[in-house]
Structure formats: C-alpha cells, structure tokens
Amino acid sequence: MAMTEIILLRIVLSVAAGGIIGAEREYRSKSAGFRTIILICLGSCLFTIFSAFINPADPDRIAVGIVSGIGFLGAGVVFKSDNRVTGLTTAATIWATAAIGMGIGGGYYLYAFGACLLSLLVLMLLIPLENYIDRINQVRSYKIVCKYDDEKLHFYEKRFKQHHLSFRRGAQSRTEDQLSGIWIVQGSEKRHEEFIAEILRDNTVTEFEF
C-alpha cells in the first residue's frame, strides 16, 4: 500500500474511533462531545504521523507534545463547585482518546481500536456500578443556620451520629443571634435523606443548604 493511502487510512480510522467515543459523550450531553472528541483523535493521529516526517531522527519529540497539549485541554472541562468536582471523566476520556489517536497514527490499529472499545464499555457499562456505589456512600456538604445556642452545633452532630453518618466539622460563625455551621458528611443515600427530612421539619433552622 502506498504511503499516501496509509496516511489516508489512518486519518479515516482516527475519525471513526473518535466518533465512536464522541457519540457516547454527546449522548450524555458532556462538554466535550461528538465533534470535540473526533478532532482530538484526529489531531493526535496527525501529530504522530507528521512527527515521523518533520523530524525522522527524533519522531518522538512532537508526539510527546501531544500529552502536554491534551493536559491543558482536559483541564478546561474540569469544574469545582462547592465540594464537588465534575468533568473528571470527560477529561480522562480526552486523555484516552488522544492515546488512541496516537496509536492509530503509529499504525497500531488493533490495539487502538481495542482500547477504543474498552473505553466505550467503561463509559457505558460501569454506570450502574458507579450509581450503586454512590447510593451506599455519598459525601455531602451541609450548612445549617439557626438561632444562637451554645449546644446547638453539638445537637446537630448528635443527629448525624443517630443517622449513622460520619462527619467532619468545617467553618463555624456567629452573626448577632445567628449561628452557622458547615459539615462534610459521609454515609448512604438513605441516611442522608432521613437526616435532611428531619432538619427540614426543624422550625429552629433558619437556613439549610444540602
């Protein structure tokens, strides 16, 4: 097969591999969707191919730069809000897709598409397991504001223990006659819901974030 045909084949395969993974991300409405993942796979493939032509004595130099570039791109889809970090799976998908594109660009078609299918299986089939783990063990941040009382914070911490929730006390503050406390709490989804229901019925609580 002529070199031009080989290059075209690798380009087409990189678009196909990126499309397979990108379709799953687009279906779940992630920030890096169908077109983005395709372009990442295609770009990684092209950089790998061109590195062999531009600098045949040291073809790894340009290819190594892909890893750094993908790192900046992946960081752009990671967000932190309150005490939760989102976008890590999408960032990891970008990273893995770039590796797949490099594999195709280097001519390792079987390994690259094997990795592509494994990535798709991880993204699709492990969601039920992830949801199950989340139900039995969740970490949440609670902020409770109530009328000032010396023992009020300890009162709520006793409620955590009664609901079999482990906790770590965060910032506390007092403003005039108001007392505010923040806790990082860990436990099952059911235990959290029972605690939330109890606090929502508490008329002494003026503000509750959960």
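Here's the picture: a label point sits 7 Å out from the Cα of TYR148 along the beta-carbon direction, and within region 173-197 the residues with their amide nitrogen under 13 Å of it are 173-180.
Using C-alpha pairs under 8 Å with a sequence gap of at least 6, the mean separation divided by the residue count of the chain gives a relative contact order of 18 percent. Pull up the cross-link candidates among the lysines for LYS190, meaning alpha carbon to alpha carbon under 18 Å and not fewer than 8 places away within one chain. Once the sequence-local lysines are set aside, what remains near LYS190 is LYS158, LYS161.
Remark: relative contact order (region 3-125) = 30 percent; criterion is Cα-Cα distance under 8 angstrom and separation of 6 or more residues.
Estimated at 0.36 nm per residue, the fully extended path between LEU126 and GLU193 surpasses their Cα-Cα distance by 21.6 nm. With 0.36 nm allotted per residue and the present C-alpha distance subtracted, the THR86-ALA171 stretch has 28.3 nm of extension available.
Dipole magnitude for the chain: computed about the Cα centre from +1 point charges on Lys and Arg Cβ and -1 point charges on Asp and Glu Cβ, it is near 120 debye. Per DSSP H run of at least 4 residues, take -39500 (n - 2.57); add these up for the chain, divide by its residues and hand me the 222 nm value, nearest 500 deg cm²/dmol. So the helix-based figure for the chain works out to -20500 deg cm²/dmol. In a Gaussian network model over the chain where Cα atoms closer than 10 Å are linked, find which of LEU42, LEU125, LEU73 has the largest mean-square fluctuation. Maximum among the listed residues: LEU125.
Tabulate in residue order the Karplus-calculated ³J(HN,Hα) for region 159-173, using 6.51 cos²θ - 1.76 cosθ + 1.60 with θ = phi - 60°, rounded to whole Hz; enter x for Gly and Pro. With the stated coefficients, region 159-173 comes to 5, 4, 5, 5, 8, 6, 10, 8, 8, 9, 6, x, 5, 10, 8 Hz.
Quick one: which of 138-150, 87-99 comes out on top by average Cβ neighbours within 10 Å, and what's the full order, highest first?
Numbers: 138-150: 15.7, 87-99: 20.3.
Packing proxy ranking, top to bottom: 87-99, 138-150.
Database remark: amide H of THR206 closer than 5 angstrom to the amide H of VAL145, CYS146, LYS147 (H placed geometrically; neighbours at sequence offset of 5 or more, or on other chains; Pro and chain starts carry no H).
Note down, for region 3-125, the three equivalent ellipsoid semi-axes (square root of 5 times each alpha carbon gyration tensor eigenvalue), biggest first, whole angstrom.
In descending order the semi-axes read 26, 17, 10 Å.
At a 10 angstrom cut-off on C-beta neighbours, averaged per residue, how do the peptides 21-32, 43-54 rank from highest to lowest? Don't skip to the answer; put the middle values down first.
Values: 21-32: 17.4, 43-54: 19.5.
Answer by packing, highest mean first, reads 43-54, 21-32.
Inter-part distance, region 51-78 to region 1-41, computed on C-alpha centroids, equals 17 Å.
Working note: Cα atoms of region 138-209, range along each principal axis, descending, whole Å: 35, 23, 19.
Where a number appears in this text, it was derived from the coordinates with a stated rule and is not lab data. Since the model is a prediction, treat every value here as computed from it, not as a measurement. Counting neighbours? That spans all protein chains shown, and the Cβs are built from the backbone with ideal geometry, glycine included.
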